1. How do the pairs read when you match residues in the stretch 53-66 that are within 15 Å of residue 5 (Cα to Cα) with residues anywhere that are assigned to a helix (DSSP H, G or I) and at pLDDT 95 or above, using Cβ under 9 Å and keeping only pairs 6 or more apart or on different chains?
2. Just for the stretch 34-72: of the residues that are small (Gly, Ala, Ser) and surrounded by fewer than 12 Cβ atoms within 10 Å (Cβ to Cβ), which one is nearest to residue 19 (Cα to Cα)?
3. Taking the residues in the stretch 15-52 that are of a type in the set (Lys, Arg) and not in a loop (DSSP other than H, G, I, E, B) as candidates, determine which candidate is nearest to residue 5 (Cα to Cα).
Amino acid sequence: MPIISYLAHPQDGKKESLINEISQLSNCEVIPAENKDLLIVVTDTNNKEEDEQLKEKIEALDSLKLLAMVSGFDTPKNN
C-alpha cells in the first residue's frame, strides 16, 4: 500500500479552492499550513497504479501550482 506525502503549492489566491478540491478526492488527506500558502497532502492507495492515477488527478487541478513529493513508501500486501 503506497503512502505518499506531498507539499502542494496553490495558485495565487487559490488555497481554499485547492483544499476543497483535494478533500473531495478519495484516498487523500489535506492539512493546510497555518502560516504559509502551502498544503500537506497525504495519499494512501492500494497499489502503485492507483497511486499514479491519484497523483495525476491532483496534478490536473487548476488551483495547483506545484506538487512536490516529500516522502513515500510501499508496504507489501499480506495474504
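The values are calculated or read from the model by the stated rules, or taken from the named source; none is laboratory data. Fair warning: this is a prediction, and the values are worked out from it, not measured in the lab. When we count neighbours, we look across all protein chains shown, and the Cβ atoms used for this are built from the backbone with ideal geometry, even at glycine.
1. Filtered contacts from the stretch 53-66: 58/21; 58/22.
2. As a first pass, look at the stretch 34-72 and keep what is small (Gly, Ala, Ser): 60, 63, 68, 71-72.
Next cut, surrounded by fewer than 12 Cβ atoms within 10 Å (Cβ to Cβ) only: 60, 68, 71.
On the way: 60: 14, 68: 16, 71: 20 Å.
Result: 60.
3. If we filter the stretch 15-52 for residues that are of a type in the set (Lys, Arg), which is where we start, we get 15, 36, 48.
From what is left, the residues that are not in a loop (DSSP other than H, G, I, E, B) are 15, 48.
Working: 15: 18, 48: 14 Å.
Ranking the candidates gives 48 first.
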